[in-house]
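Trainee: Please see the structure below; I have some questions.
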Amino acid sequence: MTSLPEDPPPLLAEDERDTAVQRLQEAYAEGHVSHQELDERLRRVLTAKTQGELVSVLVALPERNPGTTSTIAVAAGRIRRRGAWRVPRILKVESAFGRVHLDLSRAVIEYPVVDIELQLGTGRAKITVPRDAIVDVEDLRTGWKDSRYKPRPRSRPGGPTIRISGTMGFGRLKIRHARR
């Protein structure tokens, strides 16, 4: 009796390989693997052909750090972040009265997904995202005016995903992509 040939395992996508490399780099930075072990595991990741080979390289690593959460809050006044500031994994912005301007165009974004939670009473908010970012505003509730955002066609792969959620009372959120 002849057996049917098995389907070959699916080949790895580049984003799966990139995610594995990033995970190894994080483990090294956190002190979970030595420099020599990092080199060996990176070699195995870069030469892996299947998902199973990739899993065997990552199986002994500790759970991933979900990232940091930071809160910026003012009762009245201006919240402004620009230049080369480090963006946390989750950023909560709270303001009863005032303006908010977050410029992420030159910020250090270490996470593939950044969550920005807005809790704003009155006043405008403006968020400038990197040129290649994907913006998701599905979970944002606005009271008085809708947010202004025109998605741009994807120019380069690999940009961060910026998820904006929360509540805005009276005021408008304007989101734009950086020009450079």
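Trainee: Please give me the summed charge of the neighbours of Lys92: other residues whose Cβ is under 14 Å from its Cβ, Lys and Arg +1, Asp and Glu -1.
Mentor: -1
Trainee: Aspartates and glutamates near Lys126 by alpha-carbon distance under 20 Å, same-chain residues fewer than 8 away left out - which ones?
Mentor: Partners within reach: Glu94, Asp103, Asp115, Glu117, Asp136, Glu138, Asp139, Asp146.
Trainee: Another question, then. Just the number, please: Stokes-Einstein D of the chain in µm²/s, Kirkwood Rh from C-alpha pairs, 20 °C, 1.002 mPa s.
Mentor: Once the numbers are plugged in, D ends up at 114 µm²/s.
Trainee: Separation between the Arg106 and Arg44 pseudo-spin-labels, each 7 Å from Cα along Cα→Cβ, expressed in nm?
Mentor: For Arg106 paired with Arg44, the spin-label model returns 4.2 nm.
Trainee: Now, a different point. If you take every residue apart from Tyr28 with its C-beta less than 11 Å away from the C-beta of Tyr28, what net charge results, scoring Lys and Arg +1 and Asp and Glu -1?
Mentor: Cβ neighbours under 11 Å give a net charge of -2.
All of the numbers you see were taken from the coordinates with simple rules; none came from a lab. What you see is a predicted model; the values in this text were computed from it and never measured. Glycine also receives a Cβ, built like all others from the backbone with ideal geometry; neighbour counts cover every protein chain displayed.
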